[in-house]
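Everything on this sheet refers to the single structure shown next.
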Amino acid sequence: MSTEKSALSIFALGGVHEIGKNMYVIQYADDIVVIDCGSKFPDESLLGIDLIIPDITYLQENQEKVRALVVTHGHEDHIGGIPYILKQLNMPIYASKLTLGLIRGKLKENGLLDQSKLNEINSESSIELGAIKLGFFRTNHSIPDCLGVVFYTPEGTVVHTGDFKFDLTPVNNQYPDIHKMASIGENGVLALLSESTNAERPGFTPSERIVGDHIEEAFKKAQYKVFISTFASNVHRLQQVIDAAQKTNRKLLLLGRSMVNVVSIAVEIGQLNIPEGMLIEAKEANDMARDKVAVLCTGSQGEPMAALSRLANSSYRQVEILPGDTVIFAATPIPGNERNVSTTVDNLFLLGANVIYGSGSVTGMHVSGHGCQEELKLMLTLMKPKYFIPIHGEYRMLFQHRLLAEAVGVEKDNIFIIKNGDVVDISEQTARQTRKITAGNTLVDGWGIGDVGNVVLRDRKHLAEDGILVVVVTLSKTDGKILTGPDIISRGFVYVRESEALLDNINRLVLITIEELQTGSSLMKWTILKHKIKEAIGKYVYAQTKRRPMILPIVIEV
């Protein structure tokens with residue numbers, strides 16, 4: 001369904017009622033601007049799936065109207081889907097310096113760099129995309145170069161905050177544009193889209209600067225090597241580790257592909273300052289005194305193949321953790337990762353390491369990059385929107401953000417908690433939510449984008465739970481007589497050597513089924529034969545084992 005010519009439309013293709021996969025759309029008449037293009041990781045039910053990205057059916061159907069993709073910052077839940085989406089819909093990309101550097105790296109890996117239109121912006125940039133004009137303002141987050149976006153449309157001004165907190169003592173001196181935000185609000189904001197991640201947490205989020213003091217203190221107390229793991233994208237934190245290593249006269253070793261990539265990009269564009277000669281290779285680290293080495297690595301979320309998990313399992317060939325070494329988790333586990341982190345911590349204690357782990361509020365080694373309730377209220381107060389759409393969060397977070405908006409004076413009827421695909425249409429200053437567009441998940445498996453659906457996933461689940469029985473039989477093309485077989489192959493169902501009697505009975509059952517279907521010299525229908533074999537084996541196996549393996553009859557005629 002197309003929008004009315006005079007209507008301004010706002011909707012999400014990802015990022016509401018969920019954490020991750022952020023993608024929002026502003027449309028005025030025949031002009032569409034997309035904000036962010038994130039991914040999220042699958043849960044345990046999506047067997048074999050690598051990533052989840054937004055369904056962009058609506059954008060593909062209206063691709064002649066899509067003017068640009070504007071990216072607020074460089075976290076995976078905002079840029080992770082870009083290489084996959086660009087294969088389906090190529091559009092110009094606008095992003096800040098660091099964000100563009102991270103995007104460029106992804107596109108290069110996927111062979112898309114040469115065909116992509118990349119445009120660098122900053123908080124002072126101004127862009128015209130059809131009838132929509134864009135301005136920007138600087139915000140704080142756990143990665144540098146974050147932007148909020150202002151959309152000036154003929155219907156009114158729409159603001160998208162991006163991810164933010166109000167850090168008044170930022171590590172990199174990128175202060176939030178509070179005066180600019182207030183000015184935007186004074187000029188009138190028709191609709192505000194504001195992130196909701198920490199809407200349940202009271203108070204203010206502490207400054208990133210306090211983490212640097214705790215890291216430095218831990219480095220000073222450490223007797224031997226220091227291993228510290230954090231999000232590779234948290235460039236502020238990386239600089240704090242570099243500074244602590246320099247102050248304690250340690251050399252620094254980087255472990256983990258994403259860590260090496262981000263550090264390389266951040267150094268190249270001037271976002272990281274590493275003293276000359278500080279970075280070393282693994283061989284050099286092994287030859288140095290243990291109290292002169294620090295290791296900055298990936299794996300703060302307990303990812304099985306990340307550097308810290310492999311170190312904890314003693315499976316990292318070049319480097320090892322020895323008794324007395326200090327290991328610091330400079331990140332709080334993301335919900336769902338707690339079990340993996342606990343396993344890694346246990347393994348580190350078994351190695352004799354001194355482990356600093358747990359909530360950042362307890363260890364002082366981590367602070368959130370998202371604003372808590374008082375900061376969310378401050379943003380609402382600065383912007384003074386007529387209409388408010390909480391975004392970037394699960395339903396309970398969006399609901400709490402709605403209550404905060406009501407508390408600072410936004411009318412209850414002017415707050416829209418939307419689902420992915422719900423469209424808020426604003427015409428003549430009046431907003432309504434009465435229609436939906438196609439939205440959902442696109443599953444990425446290897447090189448395949450969206451080619452794994454419910455049927456394939458159901459089969460994978462079936463295979464994982466009960467295994468598979470393959471029955472191979474060769475029949476004569478002329479008279480339908482059995483030439484070879486049946487051969488029974490079991491994978492994930494029963495162990496063949498211990499289940500010979502069961503498999504012999506299945507073999508006899510297949511023979512009986514084939515014989516029953518043969519009438520004289522006439523040939524049986526292969527589809528009917530396969531169905532009957534599958535049905536007979538299924539009933540017998542369930543009666544004997546109470547299991548339902550996938551049964552795959554293969555009939556060959558020669």
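The values are calculated or read from the model by the stated rules, or taken from the named source; none is laboratory data. Model, not experiment: these values are computed from the prediction. Glycine also receives a Cβ, built like all others from the backbone with ideal geometry; neighbour counts cover every protein chain displayed.
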- Item | Residues located in the range 281-308, provided they are of a type in the set (A, V, I, L, M) and closer than 23 Å to Phe329 by Cβ | Ala282, Ala285, Val293, Ala294, Val295, Leu296, Met305, Ala306, Ala307, Leu308
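Restricting attention to the range 339-360, which residues are surrounded by fewer than 17 Cβ atoms within 10 Å (Cβ to Cβ), part of a helix (DSSP H, G or I) and touching a residue at least 12 places away in the same chain (Cβ under 8 Å)?
Once the filter is applied, which keeps residues that are surrounded by fewer than 17 Cβ atoms within 10 Å (Cβ to Cβ), part of a helix (DSSP H, G or I) and touching a residue at least 12 places away in the same chain (Cβ under 8 Å), the range 339-360 yields Arg339, Ser342, Thr343.
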- Message: out of contact with any Leu (no Cβ under 7 Å at 6 or more places or on another chain), assigned to a helix (DSSP H, G or I), more than 30 Å from Pro323 (Cα to Cα) and of a type in the set (Gly, Ala, Ser): is that true of Ser264 in this structure?
- Response: yes
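Can you tell me which residue is nearest to Ser207 (Cα to Cα) among those in the range 133-168 that are among the β-branched types (Val, Ile, Thr) and out of contact with any helix residue (DSSP H, G or I) (no Cβ under 8 Å at 6 or more places or on another chain)?
Thr139
Inside the range 454-558, counting only helices (runs of 4 or more DSSP H) that do not spill past its ends, which hold 3 or more residues that are at pLDDT 80 or above?
500-517, 526-545
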- For the range 120-132, name all the residues that are more than 16 Å from Glu268 (Cβ to Cβ) and touching a helix residue (DSSP H, G or I) at 6+ places or on another chain (Cβ under 8 Å). Asn122, Ser123
- Task: Go through the range 311-333 residue by residue and tally those that are free of Cβ contacts under 8 Å to residues at least 40 places away in the same chain and either within 25 Å of Asp213 (Cα to Cα) or of a type outside the set (Asp, Glu) (or both).
- Result: 9
- Query: How many of the residues in the range 171-185 are surrounded by fewer than 19 Cβ atoms within 10 Å (Cβ to Cβ) and in contact (Cβ under 8 Å) with a residue 60 or more places away in the chain?
  - Reply: 3
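Does Asn234 meet the test of being touching an Asp or Glu at 6+ places or on another chain (Cβ under 9 Å) and in contact (Cβ under 8 Å) with a residue 24 or more places away in the chain? Reasoning before the result, please.
Values: touching an Asp or Glu at 6+ places or on another chain (Cβ under 9 Å): yes; in contact (Cβ under 8 Å) with a residue 24 or more places away in the chain: yes.
Yes: the conditions hold for Asn234.
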- Task: Residue by residue through the range 310-351, note down the ones that are of a type in the set (Val, Ile, Thr) and closer than 30 Å to Glu394 by Cα.
- Result: Ile328, Thr332, Ile334, Val341, Thr343, Thr344, Val345
- Tell me which residues, restricted to the range 68-83, are more than 13 Å from the chain's Cα centre (by Cα), within 24 Å of Ser9 (Cβ to Cβ) and surrounded by 23 or more Cβ atoms within 10 Å (Cβ to Cβ). Leu69, Val70, Val71, Thr72
- Looking at (1) outside the structural domain of Lys106 (by TED's automatic domain parsing); (2) surrounded by 19 or more Cβ atoms within 10 Å (Cβ to Cβ); (3) touching a strand residue (DSSP E or B) at 6+ places or on another chain (Cβ under 9 Å), find the lone condition where Ser233 falls short. (3)
- Output the number of the condition that Ile184 fails; it satisfies all remaining conditions of (1) assigned to a helix (DSSP H, G or I); (2) of a type in the set (A, V, I, L, M); (3) modelled with pLDDT under 95. (3)
- Message: Going by what's in this entry, would Ala331 be described as surrounded by 17 or more Cβ atoms within 10 Å (Cβ to Cβ) and part of a strand (DSSP E or B)?
- Response: no
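Any residue at all in the range 365-372 that's in a helix (DSSP H, G or I) and more than 22 Å from the chain's Cα centre (by Cα)? Give the steps one after another, and end with the answer.
Kept after step one, since they are in a helix (DSSP H, G or I), are these residues of the range 365-372: none.
No, the conditions are met nowhere in the range 365-372.
Does Thr169 satisfy the criteria of being in the same structural domain as Gly74 (by TED's automatic domain parsing) and hydroxyl-bearing (Ser, Thr, Tyr)? If you could, list the steps in order and put the result at the bottom.
Details: in the same structural domain as Gly74 (by TED's automatic domain parsing): yes; hydroxyl-bearing (Ser, Thr, Tyr): yes.
Answer is yes for this residue.
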- Residue check for Arg67: more than 26 Å from Val267 (Cβ to Cβ) and of a type in the set (Lys, Arg): yes
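Rundown of residues vs (1) surrounded by 14 or more Cβ atoms within 10 Å (Cβ to Cβ); (2) of a type in the set (A, V, I, L, M); (3) touching a strand residue (DSSP E or B) at 6+ places or on another chain (Cβ under 7 Å); (4) assigned to a helix (DSSP H, G or I), yes/no style:
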{"residue": "Leu398", "(1), (2), (3), (4)": "yes, yes, yes, yes"}
{"residue": "His401", "(1), (2), (3), (4)": "yes, no, yes, yes"}
{"residue": "Leu404", "(1), (2), (3), (4)": "yes, yes, no, yes"}
{"residue": "Val410", "(1), (2), (3), (4)": "yes, yes, yes, no"}
{"residue": "Ile418", "(1), (2), (3), (4)": "yes, yes, yes, no"}
{"residue": "Ile426", "(1), (2), (3), (4)": "yes, yes, yes, no"}
{"residue": "Ala431", "(1), (2), (3), (4)": "yes, yes, yes, no"}
{"residue": "Arg435", "(1), (2), (3), (4)": "yes, no, yes, no"}
{"residue": "Thr438", "(1), (2), (3), (4)": "yes, no, no, no"}
- Message: Among the listed residues Ile26, Ile53, identify the single one that is touching a residue at least 40 places away in the same chain (Cβ under 8 Å), touching a helix residue (DSSP H, G or I) at 6+ places or on another chain (Cβ under 7 Å) and in a strand (DSSP E or B).
- Response: Ile53
- Message: Between a residue in the range 244-272 that is surrounded by fewer than 20 Cβ atoms within 10 Å (Cβ to Cβ) and any residue that is part of a loop (DSSP other than H, G, I, E, B) and not aliphatic (A, V, I, L, M), which pairs come within a Cβ distance under 6 Å, given they are 6 or more apart or on different chains?
- Response: Gln246/Pro275; Ser258/Thr298
- Message: Restricting to the range 286-299, name every residue that is under 15 Å from Thr248 (Cβ atoms) and either assigned to a helix (DSSP H, G or I) or touching a helix residue (DSSP H, G or I) at 6+ places or on another chain (Cβ under 8 Å) (or both).
- Response: Arg290, Asp291, Lys292, Val293, Ala294, Val295, Leu296
- Query: Taking strands (runs of 3 or more DSSP E) that fall entirely within the range 109-161, which contain at least 2 residues that are buried (at least 20 other Cβ atoms within 10 Å of the Cβ), modelled with pLDDT of 95 or more and not aromatic (Phe, Trp, Tyr)?
  - Reply: 132-139, 146-153, 156-160
- Task: Output the residue which, of all residues in the range 225-279 that are basic (Lys, Arg) and within 25 Å of the chain's Cα centre (by Cα), is nearest to Ile103 (Cα to Cα).
- Result: Arg257
